[in-house]
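Note sheet for the following structure.
The values are calculated or read from the model by the stated rules, or taken from the named source; none is laboratory data. Because the structure is a prediction, the values reported are computed rather than measured. Ideal geometry is used to build each Cβ from the backbone, glycine not excepted, and the neighbour counts take in all protein chains shown.
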Amino acid sequence: MTGSSGQLGYEWSQWLINRNLTFLSPTSTELNLSDPDRVDLYLTKTKPTFIINCAAYTKVDLAEDEIQLADTINHRAVSRVAIYSKNQQVPVIHYSTDYVFNGNVLDGSKYPNGYPIEAQGNPTGVYGETKLKGETALIRNGGDFLVIRVAWLSGRHGNNFVKTMLRLSENMDEIRVVSDQLGSPTFASDVVEVTTKLLEKKISGIRHVSSRELISWADFAAEIMKISHRDTTIKRISSNEYPTKAKRPLYSKLDCTQTESDIGEEMPDWRESLTKLLAEI
Ligand SMILES: NC(=O)c1ccc[n+]([C@@H]2O[C@H](COP(=O)([O-])OP(=O)(O)OC[C@H]3O[C@@H](n4cnc5c(N)ncnc54)[C@H](OP(=O)(O)O)[C@@H]3O)[C@@H](O)[C@H]2O)c1
């Protein structure tokens, strides 16, 4: 399993440890995905029988400058994993993102329930492009894979929006947060739980995992303040007032209907998951 120092990888490692399962979780020094030849060597040497790839280049703005590095980690290294998986008949779980889609406002009208699994990828930035190529590498290779796209991810471990809001609220009476970017929060522990349920049902291919409600980042921030009893006011601003190097999606909802049907359960409620997370951090 890769990426155990990240949000999702940490949750996966805890899940595996709690069940006394044996696994390798190389650090980025032990297995640096920026060197695809080392990926081949590592796989040949350790011969995994199941792969969970939580590692990724996730710096959305920096990716606009570090195009090669983002592509190597999110695409070329994944291609090597895909080839190993196909040749050795080893299943791969891989994670991807809402950023593979365009995220324009009109898509909100076209896909009111969220982007369906089969919607055409059309990223606006380097990060999304490299993640889409990584997905495509797994699909084209035709091995046994489960690609799970998530959005607005938060977890106990690592950096995320929830922790940033809590940190800022310690010294600020007001935080400006964009209110015209819409999506649905996803929590790392929920992603692991849903992934395991999909595996129990022997589901492969691409699936979406996110919460149901469509909210803005400002709504999310306001709820973080409310649940954690902070007095800080959330000032709603437009994306134009908060320029970023990489364009952010205005509409980020993932349609999780297929996943819900596969596991026979609704996606988790984001307020419940947020409350649980806030109690843990
Ligand atoms: N965060 C989000 O909001 C979000 C949204 C949608 C989808 N996703 C996707 O969800 C998955 C998990 O994201 P996350 O938020 O858990 O990521 P994260 O917290 O940013 O962690 C990234 C992980 O990747 C590892 N990594 C980075 N570069 C590496 C390299 N060259 N070689 C080996 N490992 C490397 C990091 O290790 P080091 O700590 O050693 O660098 C870290 O363990 C990713 O596929 C991401 O694209 C995330």
> Taking helices (runs of 4 or more DSSP H) that fall entirely within region 211-281, which contain at least 1 residues that are free of Cβ contacts under 8 Å to residues at least 12 places away in the same chain and within 20 Å of the chain's Cα centre (by Cα)?
Replying inline: 257-263, 270-280
> Listed residues Asn102, Asn32, Asn18; which is surrounded by 16 or more Cβ atoms within 10 Å (Cβ to Cβ) and under 30 Å from Glu213 (Cβ atoms)?
Replying inline: Asn102
> Out of all the residues in region 234-255, which are farther than 27 Å from Pro268 by Cα and not aliphatic (A, V, I, L, M)?
Replying inline: Lys235, Ser238, Ser239, Asn240, Glu241, Tyr242, Pro243, Thr244, Lys245, Lys247
> Can you tell me which residue in region 138-156 is nearest to the ligand (Cβ to nearest atom), limited to those that are β-branched (Val, Ile, Thr) and in contact with a Phe, Trp or Tyr (Cβ under 7 Å, 6 or more places away or on another chain)?
Replying inline: Val150
> Cβ-Cβ below 7 Å, separation at least six or inter-chain, first residue in region 50-73 and farther than 30 Å from Asp144 by Cβ, second assigned to a helix (DSSP H, G or I) and at pLDDT 95 or above: which pairs?
Replying inline: Glu64/Val126; Ile67/Val126
>> Looking at Gln89, Gln68, Gln120, can you tell me which residue is on the phi > 0 side of the Ramachandran plot and either surrounded by fewer than 20 Cβ atoms within 10 Å (Cβ to Cβ) or among the acidic types (Asp, Glu) (or both)?
In response: Gln89
> Restricting attention to region 176-202, which residues are touching a residue at least 60 places away in the same chain (Cβ under 8 Å), more than 21 Å from Tyr10 (Cβ to Cβ) and either touching a helix residue (DSSP H, G or I) at 6+ places or on another chain (Cβ under 6 Å) or β-branched (Val, Ile, Thr) (or both)?
Replying inline: Val177, Val178, Asp180, Gln181, Lys201
> Of Asn159, Asn113, which residue is within 14 Å of the ligand (Cβ to nearest atom), under 21 Å from Asp219 (Cβ atoms) and surrounded by fewer than 16 Cβ atoms within 10 Å (Cβ to Cβ)?
Replying inline: Asn159
> Taking into account only those residues within region 2-16 that are assigned to a loop (DSSP other than H, G, I, E, B) and at negative phi, which is nearest to the ligand (Cβ to nearest atom)?
Replying inline: Gly6
